[in-house]
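Novice: Let me begin by handing over the structure; questions about it come next.
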Amino acid sequence: MKKVTINSVAEYAGVSKKTVSRVLNNEPNVSPATREKVLKVFEELNYKPNPIARGLAQNRSFIIGCLYDNPSKSYITRVQSGALEACQKHSYNLLIHPCELRGQDLIDNVEQLLTTSRLDGIVLTPPFSDSNELIAFLKQRNIPYARVASAIEGDDSISIRSNDEQGAFELTEHLINLGHTEIAFIKGHPDHSATENRFSGYQKALAKHGIEYRERLVAEGNFSYHSGADSAKAILDLEPRPTAVFASNDYMAAAVLKLATQREIKVPEQLSIAGFDNAPIARHIWPGLTTIAQPVEEMTRIAVEELIKHITQPQEAPFQQVLEAKLITRESTKARSSS
């Protein structure tokens, strides 16, 4: 079977090679009708662009990097899913780069990554999306980047986040409306801005309803299941024991649920438990976890989409968007017993 080339597509579609190239690279100056016609020919001829030839012709690698450091495998899987969807749509490849470094070691590591991989751009997830040093380095090197779930405001870059503080406020208020006033809270990783945003939402809900903030009800976690287990032990050992626990992510909430079950504490009759993120575990365990649905896949997909647009046609005004975090009630929370 004869190999399908960009020339074949141009001839079949009745357009110039340059027009096909513009459609392929999602460039402007192509009418919607022409773009649709060329895309249809791509599908009909099963055209797959040669990434090496394409990169050489445009001095690009067509690779987007994604930098992460998060102990939750579910979170990273969702980040990858959203990024891959956008990359595949635009015939880009995705390079996932885990990193636990900070300070100058982080900068050196990213510099080596850029040198060896020739990335066209990079997506920063927490905590890197809040690193002023890293952002300054990328700007100095003129590397296009997009930030996911960052608390930094006023930076002239692509930024997609969800309203974590509002989500935490709504979940805490949900527990209060169920009659709970002794609500324990498990914080996340101290390097992640989401940790303070969710903690702030919890505190503001307590204040709104005139409930005294009690430091003894707050435990330090780091978003991992094991840190949730350690925090759960500290919380469930309290006297009197709180009637509800709000963990900053679903994996820590699942750890609380396990320990409560081991101690024969009935959930939700004796203890209501809630998490954050709406990770798969929130739906797969019993009782199902009340949680906040954080649109991780959508945030990352939009970030990559906008980053590719910026690489193709630099934007003067950076695209910034805040997505809604939604409360999802399940079987792990219930009205406080009067007994």
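The values are calculated or read from the model by the stated rules, or taken from the named source; none is laboratory data. In this text, all values refer to a predicted model and were calculated from it rather than measured experimentally. In this analysis, Cβ positions are derived from the backbone assuming ideal geometry, glycine residues included, and neighbour counts consider all displayed protein chains. The protein model used for the area step is the full one, side chains on, heavy atoms only, and it has no ligands, DNA or RNA in it. Shrake-Rupley method; radii C 1.70, N 1.55, O 1.52, S 1.80 Å.
Novice: Show which lysines lie in cross-link reach of residue 326 when reach means a straight Cα distance below 30 angstrom and same-chain residues fewer than eight apart are skipped.
Specialist: 73, 89, 187, 204, 208, 233, 258, 266, 309, 334
Novice: Okay, next question. In nm, to one decimal, how far is the modelled label at residue 331 from the one at residue 211, with both set 7 Å along Cα→Cβ?
Specialist: Label-label distance for residue 331 and residue 211, simple model: 2.4 nm.
Novice: Compare the Cα positions of 87, 77, 149 along the charge dipole of the chain (+1 at Cβ of Lys, Arg; -1 at Cβ of Asp, Glu; about the Cα centre) and return the one farthest towards the positive end.
Specialist: Farthest along the dipole direction, towards plus: 87.
Novice: Calculate one ³J(HN,Hα) per residue across the stretch 32-42 by plugging θ = phi - 60° into the Karplus curve 6.51 cos²θ - 1.76 cosθ + 1.60, and present them in order as whole Hz with x for glycine and proline.
Specialist: Computed from phi, the couplings for the stretch 32-42 are x, 5, 5, 4, 5, 5, 5, 4, 5, 5, 3 Hz.
Novice: Find the accessible area per residue for the stretch 6-49; the probe is 1.4 Å, ligands and nucleic acids are left out, and the unit is Å².
Specialist: Accessible surface, normalised per residue, equals 62 Å².
Novice: Tabulate in residue order the Karplus-calculated ³J(HN,Hα) for the stretch 109-123, using 6.51 cos²θ - 1.76 cosθ + 1.60 with θ = phi - 60°, rounded to whole Hz; enter x for Gly and Pro.
Specialist: 5, 5, 4, 5, 4, 5, 5, 7, 9, 6, 4, 7, x, 9, 9
Novice: Relative to the longest principal Cα axis of the chain, at what angle does helix 250-262 sit, 0 to 90 degrees, rounded to 10?
Specialist: Computed tilt is about 30 degrees.
Novice: Follow-up. Please determine, in degrees from 0 to 90 and to the nearest 10, the orientation of helix 225-236 with respect to the longest principal axis defined by the Cα atoms of the chain, where the helix direction is its Cα long axis.
Specialist: Around 20 degrees separate the two axes.
Novice: To continue, here is another question. Looking only at 247, 219, 274, which one moves most when the chain is put into a Gaussian network model with springs between Cα atoms under 10 Å?
Specialist: Among 247, 219, 274, the largest mean-square fluctuation in the Gaussian network model of the chain belongs to 219.
Novice: With springs only between Cα atoms under 10 Å, which of 146, 229, 168 fluctuates most in a Gaussian network model of the chain?
Specialist: For the chain, modelled as a Gaussian network with Cα springs under 10 Å, the answer is 229.
Novice: Divide by every residue of the chain the summed helix terms, -39500 (n - 2.57) for each DSSP H run of at least 4, and state the resulting mean residue ellipticity at 222 nm, rounded to the nearest 500 deg cm²/dmol.
Specialist: After summing the helix terms and dividing by the residues of the chain, the value is -14500 deg cm²/dmol.
Novice: Here's a follow-up. For the chain, with a Gaussian network of springs between Cα atoms less than 10 Å apart, report the residue from 261, 195, 291 with the top mean-square fluctuation.
Specialist: 261
Novice: Where in the stretch 231-256 does the label zone of residue 196 land, with the point 7 angstrom along Cα→C-beta and an amide N cut-off under 20 Å?
Specialist: Backbone N within reach: 248-249.
Novice: To the nearest 0.05, how large is the calculated FRET efficiency for residue 204 and residue 5 if R₀ is 51 Å and r is the Cβ-Cβ distance?
Specialist: The calculated FRET efficiency here is 0.30.
Novice: Still on this structure, please answer the following. Quick one: angle between helix 193-208 and the longest Cα principal axis of the chain, in degrees between 0 and 90, rounded to 10, please.
Specialist: 40 degrees
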